[in-house]
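Here is the structure we will look at, set down as structure tokens.
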Amino acid sequence: MKSFRILSIVIASTLLCGCGQVTNKQIAAVEDADSVAVEDGDFHLDFPQYGFSIDAPCALQDVSAQASGDFLVNYGGVTDGSSHEKMAAYQLMVTRAPIGYRDLPKKEYEKLVDEALRAQVQRFNSYKAIRFSYDEYPGYVCETTHNGYGQKGVMFAMDNYIIGLTVISNNNLEAKFNKFTNGFKRLKAN
């Protein structure tokens, strides 16, 4: 169960979202996600209730019961968990933007969301502001080292949600991060 221990490292070390308790309602919401293998080693998850899908290099499972936080979605998975050199851990998190932000004028809303994002990423060794995806969601990309592993993550605001994608690995971290984040797609409204 070394891969389970590594997955626990992902949960413990990912500092993207604030603390709090996960509710039964949140757990029920993430259980609605569908995960299917797309091709060798790739898995596709749809989260229509949050407006996106993601392709991941491994099956991502609900790990919200193993971490504290105010998550709507907290999924994690590990590849090559038995090898310290090849191991890669992936995490996807979704939280709701603070209530009441949407009622503010656009500039004030953007400023408050940026402050909330920046407050979370300041815990990393390095971070910089970015526009994520072709839709240019405001966010931050950040990097750090934790328990001897390199960690790279992105946190961005999309609609009424804050979404975090994290990869931990000492083997081709940049390539794994790029593949994981490039698998994020906004779902078209029906």
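For the range 45-77, which positions are part of a strand (DSSP E or B) and either open to solvent by 40 Å² or more (accessible area, probe 1.4 Å) or on the phi > 0 side of the Ramachandran plot (or both)? Before the answer, list the steps.
Of all residues in the range 45-77, those part of a strand (DSSP E or B) come to 45-47, 52-56, 61-62, 73-77.
If the condition is that a residue be part of a strand (DSSP E or B) and either open to solvent by 40 Å² or more (accessible area, probe 1.4 Å) or on the phi > 0 side of the Ramachandran plot (or both), then Asp46, Asp55, Gln61, Asp62 are the ones that fit.
From the residues in the range 139-165 that are open to solvent by 50 Å² or more (accessible area, probe 1.4 Å) and touching a helix residue (DSSP H, G or I) at 6+ places or on another chain (Cβ under 6 Å), which one is farthest from Gln49 (Cα to Cα)?
Asn147
Test Ala59 against the stated conditions and say whether it is over 24 Å from Asn178 (Cα atoms), in contact (Cβ under 8 Å) with a residue 24 or more places away in the chain, in contact with a strand residue (DSSP E or B) (Cβ under 9 Å, 6 or more places away or on another chain) and aliphatic (A, V, I, L, M).
Values: over 24 Å from Asn178 (Cα atoms): no; in contact (Cβ under 8 Å) with a residue 24 or more places away in the chain: yes; in contact with a strand residue (DSSP E or B) (Cβ under 9 Å, 6 or more places away or on another chain): yes; aliphatic (A, V, I, L, M): yes.
In short, no.
Assess whether Lys179 counts as being under 14 Å from the mean Cα position of the chain (by Cα), closer than 17 Å to Tyr50 by Cα, in contact (Cβ under 8 Å) with a residue 60 or more places away in the chain and open to solvent by 70 Å² or more (accessible area, probe 1.4 Å).
Working: under 14 Å from the mean Cα position of the chain (by Cα): yes; closer than 17 Å to Tyr50 by Cα: no; in contact (Cβ under 8 Å) with a residue 60 or more places away in the chain: yes; open to solvent by 70 Å² or more (accessible area, probe 1.4 Å): yes.
Spelling it out, it is not the case that Lys179 is under 14 Å from the mean Cα position of the chain (by Cα), closer than 17 Å to Tyr50 by Cα, in contact (Cβ under 8 Å) with a residue 60 or more places away in the chain and open to solvent by 70 Å² or more (accessible area, probe 1.4 Å).
May I ask you to verify whether Ile168 is surrounded by 14 or more Cβ atoms within 10 Å (Cβ to Cβ), outside any loop (DSSP other than H, G, I, E, B) and in contact with a Phe, Trp or Tyr (Cβ under 6 Å, 6 or more places away or on another chain)? Let's see the steps before the verdict.
Numbers: surrounded by 14 or more Cβ atoms within 10 Å (Cβ to Cβ): yes; outside any loop (DSSP other than H, G, I, E, B): yes; in contact with a Phe, Trp or Tyr (Cβ under 6 Å, 6 or more places away or on another chain): yes.
Yes; evaluated as a whole, the condition is true for this residue.
The values are calculated or read from the model by the stated rules, or taken from the named source; none is laboratory data. Computed from a predicted structure; not experimentally measured. Methodologically, a virtual Cβ is constructed for each residue, glycine included, from the backbone with ideal geometry; neighbour enumeration extends over all protein chains shown. Surface accessibility is based on the protein's heavy atoms, side chains included, excluding ligands, DNA and RNA. Shrake-Rupley method; radii C 1.70, N 1.55, O 1.52, S 1.80 Å.
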